[in-house]
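**Q** Below you will find the structure I want to go over with you.
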Amino acid sequence: MRHLLSMEDLDRAAIERILDRAKTFTEVSEREIKKVPALRGRRVLNLFYESSTRTRSSFELAAKSLSADVINFAASGSAVDKGESLKDTVQTLSAYRPDLIVIRTPFVGAPELVARWTTAGVVNAGDGKHEHPTQALLDVYTLRERLGSLEGLNIWIVGDVTHSRVARSNIIAFQMLGAKVTVCGPPTLIPRGMEALGCDVEYTLDRLHEADVVYTLRMQHERMTDSFVPSLREYAAQYQIDGRRLSSRQVLMHPGPVNRGVELAAEVIDSPQALIGQQVAAGVVVRMAVLFELLAGRSAPQPALSTPVPA
Amino acid sequence: MLDHRETPPADVLIKGAHVLDPRAGIDERLDVRIANGTIAELGPDLESDGEVLDGAGKHLFPGFVDPHVHLRTPGQEHKEDLDTGTRSAAAGGFVAIVAMPNTSPTVDSAPILRSLRESARREARVPVGFMASVTHGLAGETLTEMAELREAGALGFTDDGKPVHRAGILRKALQYQKLSGAIIALHEEDPTLSGKGVMHEGEVSARLGLAGIPSISESTLIARDAAIAGYEGGRIHIQHLSARESVEAIAEAKARGVQITCEASPHHLTLTHDALLERLDTRLKMNPPLRAERDRQALIEGLRSGVIDCIATDHAPHAREEKEQPFEDAPMGTTGLETAFAAVYTELVKPGVLPLELIVHKLSAGAALMGLPTPLIGVGKPADLVLVDLDASWEVGESGYESRSENCCFDGRTLHGKVLTTIAAGGIVYRERRLTAV
């Protein structure tokens with residue numbers, strides 16, 4: 001595997017291999033010197049066309065923990081502002097000979113284009129409303145850590161599905177690992193044809209009690225201006241997960257950043273059922289495993305992995 | 001009202017081709033002798049001391065007429081101009097094409113139209129007719145001087161690329177049609193429904209996370225405009241039908257006696273949004289978008305039943321750098337002149353979905369709708385002919401395009417049916433390269 005563009009690039013075995021490797025990397029963060037030499041001398045280029053705090057920093061930390069060199073390229077303030085096309089930017093940056101390009105872009109399918117225009121491997125760190133595969137991997141990792149397996153789980157994804165790349169990647173990942181997925185949200189924010197992804201669609205929380213996992217999505221303020229929902233107040237009344245709606249046997253997830261008091265009530269964010277902090281923590285080790293998977297290669301012998309040596 | 005540069009009138013004998021002209025009732029192996037650009041003789045075993053084209057094993061059809069082409073001139077000659085666009089038409093077997101007015105500037109005044117027609121008389125390889133816009137600058141606000149534009153040679157009026165969004169403006173245009181007498185062609189899309197959509201709204205857009213253009217954005221406006229045309233007794237032509245609901249809306253309007261005609265494009269007849277799952281290729285981005293299989297089937301059935309009157313390419317060239325962008329940023333449109341017959345033949349005729357004579361008929365039926373003479377194979381008729389090898393297969397784009405642009409949605413596909421020679425308005429305007437090399 002050279003690229004990670006979509007969750008569909010992975011099969012169940014590949015997901016489990018990446019998650020198992022991520023698990024072995026947790027030990028690195030607990031050391032005094034938080035670094036292994038696995039990717040020493042490799043170049044990772046972070047190409048971010050959208051603002052991002054946790055995804056970009058966790059990719060950077062992941063690459064550095066594996067001793068790769070990292071170049072951060074943010075679109076604003078660069079040649080992109082002067083009208084340089086994506087193709088020219090990618091070809092220019094390719095002259096720096098990166099081994100891997102991590103791209104975040106507002107455009108669906110742009111990582112696939114980049115993969116065609118460069119010899120480097122490409123990781124999709126979010127393309128428009130399409131996919132965000134490393135988020136799905138870290139969510140699956142977090143769930144596995146908490147519940148052991150996803151097999152037979154009933155997972156509800158609640159909120160603005162239309163505008164969520166996290167939802168699309170997670171639907172694919174959760175189902176690949178044996179879970180049953182239901183998406184739930186306002187009818188204006190569930191795209192027509194969503195059932196084609198294999199999930200069920202609900203428009204109310206009436207059957208939320210059937211869920212083992214409640215995965216809430218961020219409700220963006222600009223949705224109100226387009227009349228997708230009449231008001232945040234109305235949205236919260238219908239779809240907010242609070243202490244009454246969340247039962248004690250359910251776990252709660254959210255990709256962040258949370259709108260406290262909109263999609264989630266404060267009491268559930270701070271409850272022991274919430275895995276939100278664990279999701280963030282998983283981001284680094286899972287992205288380390290993705291970088292390792294793409295750069296070190298599966299077949300390449302890497303004894304350093306099982307007994308990592310401080311760099 | 002068609003313009004083109006002078007081509008020497010052909011003196012040529014086409015020998016042994018299977019001649020098929022559904023309107024003339026010809027469907028047999030015949031020799032066709034053309035003298036001074038006119039069909040002089042039809043029959044078996046004709047002789048000539050001039051040039052002879054070997055038609056053995058080939059088919060000869062009346063030339064195709066495309067009522068919907070973008071030649072991008074004036075103003076966007078980096079995409080296409082009158083020379084390259086009409087070369088492309090000739091290579092596709094078209095003997096007349098109709099250019100849309102959404103150029104830069106818009107063809108919305110008689111001086112612009114006159115100068116364009118003058119250019120065509122210098123540059124166009126095949127006869128071109130020009131539409132003028134319904135409203136100034138396609139803004140949908142104020143009517144153009146339709147009577148003067150008509151006198152200056154406008155074939156008809158359209159704001160193609162955009163709908164005439166305000167019902168009141170369309171109504172006035174249809175009232176004014178009593179004076180201009182020219183067809184009004186409509187791009188049907190309710191922008192409050194299509195919004196920022198970049199592809200068909202359905203399972204594929206849901207999966208890709210792309211904003212969708214729902215079928216109802218087209219069909220609801222067709223229903224509205226058919227009602228207005230019926231009320232005013234006006235005549236409208238609906239461009240590039242894409243959705244099943246639209247076929248139904250037109251069928252209902254026709255049944256009520258509304259003077260409404262419509263066209264469908266080769267890409268909507270042969271491709272669906274599923275193609276975007278294989279590869280998010282900007283050449284597959286057009287407006288209206290490739291829709292679902294049920295829509296494609298409805299279009300095919302519409303051709304068969306007669307609800308759909310003709311095939312039109314909506315040839316929409318764009319430069320490479322414009323299409324080499326992320327899908328959402330790329331402009332809408334595919335080229336289509338060079339692949340129209342082959343695409344429809346390969347996907348619909350060869351598998352036995354539609355008969356060859358129906359396709360041949362529909363590929364020139366747009367002429368009459370635009371008030372142009374329909375090519376006909378008969379003694380004394382001007383030679384408007386296309387010689388085709390149905391057995392020849394070719395990979396689209398393998399030897400480039402005649403068009404200045406290469407944004408063809410069929411690029412890389414293997415198609416059957418190759419245009420060998422095109423004779424337009426009596427002159428040979430295209431010869432397949434391999435044929436002339438012999």
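The values are calculated or read from the model by the stated rules, or taken from the named source; none is laboratory data. Everything numeric in this text was worked out from a predicted model, so none of it was measured. Using ideal geometry, Cβ is built from the backbone for each residue, glycine included, and neighbour counts are taken over all protein chains shown.
**Q** Quick check on my filter: what residues within segment A:256-290 are in contact (Cβ under 8 Å) with a residue 24 or more places away in the chain and touching a strand residue (DSSP E or B) at 6+ places or on another chain (Cβ under 8 Å)?
**A** Within segment A:256-290, A:V258, A:E263, A:L264, A:A265, A:V268, A:S271, A:Q273, A:L275, A:I276, A:Q279, A:V290 qualify.
**Q** Counting just the residues of segment B:321-347 that are of a type in the set (A, V, I, L, M) and part of a loop (DSSP other than H, G, I, E, B), which one comes out nearest to the other protein chains (Cβ to nearest Cβ)?
**A** Top of the filtered list is B:A330.
Matching residues to (1) within 14 Å of another protein chain (Cβ to nearest Cβ); (2) closer than 18 Å to A:A136 by Cα:
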position: A:S6; (1), (2): yes, yes
position: A:I15; (1), (2): no, yes
position: A:K34; (1), (2): no, no
position: A:N46; (1), (2): no, no
position: A:L66; (1), (2): no, no
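**Q** I'd like the full set of residues that are over 24 Å from the mean Cα position of the chain (by Cα) and outside any loop (DSSP other than H, G, I, E, B), limited to segment B:1-25.
**A** The answer is B:P9, B:V12, B:L13, B:I14, B:K15, B:G16, B:A17, B:H18.
**Q** Output the residues belonging to segment A:182-195 that are within 14 Å of another protein chain (Cβ to nearest Cβ) and not in a loop (DSSP other than H, G, I, E, B).
**A** A:V183, A:P187, A:T188, A:L189, A:M194, A:E195
**Q** What are the residues in segment A:201-226 that are aliphatic (A, V, I, L, M) and more than 14 Å from every other protein chain (Cβ to nearest Cβ), if any?
**A** Hits for segment A:201-226 are A:L205, A:L208, A:A211, A:V213, A:V214, A:M219, A:M224.
**Q** Suppose we filter A:G178, A:G198 for residues that are surrounded by fewer than 22 Cβ atoms within 10 Å (Cβ to Cβ), at pLDDT 95 or above and within 13 Å of chain B (Cβ to nearest Cβ); which single one remains?
**A** Answer to the check: A:G198.
**Q** What strands (runs of 3 or more DSSP E), lying completely within segment B:127-206, carry at least 3 residues that are buried (at least 24 other Cβ atoms within 10 Å of the Cβ), over 24 Å from the mean Cα position of the chain (by Cα) and not hydrophobic (A, V, I, L, M, F, W, C)?
**A** Ranges flagged: none.
**Q** May I pose another question? Go through the residues of segment B:276-285 one by one and say whether even a single one is of a type in the set (K, R), out of contact with any helix residue (DSSP H, G or I) (no Cβ under 7 Å at 6 or more places or on another chain) and within 14 Å of chain A (Cβ to nearest Cβ).
**A** For segment B:276-285, residues of a type in the set (K, R), out of contact with any helix residue (DSSP H, G or I) (no Cβ under 7 Å at 6 or more places or on another chain) and within 14 Å of chain A (Cβ to nearest Cβ): present.
Residues checked against (1) in contact with a Pro (Cβ under 8 Å, 6 or more places away or on another chain); (2) within 12 Å of chain B (Cβ to nearest Cβ):
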residue	(1), (2)
A:N72	no, no
A:G83	no, yes
A:K87	no, yes
A:R97	no, no
A:A110	yes, yes
A:H130	no, yes
A:D139	yes, no
A:R146	no, no
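**Q** Same structure, new question: All but one of (1) polar (S, T, N, Q); (2) without any contact (Cβ under 8 Å) to a residue 40 or more places away in the chain; (3) surrounded by 21 or more Cβ atoms within 10 Å (Cβ to Cβ) hold for A:S149; state the number of the condition that does not hold.
**A** The one condition A:S149 does not meet is (3).
**Q** Pick from B:S399, B:S403: which is buried (at least 23 other Cβ atoms within 10 Å of the Cβ) and in a loop (DSSP other than H, G, I, E, B)?
**A** From the options B:S399, B:S403, the qualifying one is B:S403.
**Q** What residue, among those in segment B:351-380 that are in contact (Cβ under 8 Å) with a residue 60 or more places away in the chain and surrounded by fewer than 15 Cβ atoms within 10 Å (Cβ to Cβ), is nearest to B:Q177 (Cα to Cα)?
**A** Checked segment B:351-380; the qualifying residue nearest to B:Q177 (Cα to Cα) is B:G371.
**Q** Turning to a different aspect of this structure: Part of a loop (DSSP other than H, G, I, E, B), among the hydroxyl-bearing types (S, T, Y) and at pLDDT below 95: is that true of A:T204 in this structure?
**A** Judged against the criteria, A:T204 is not a match.
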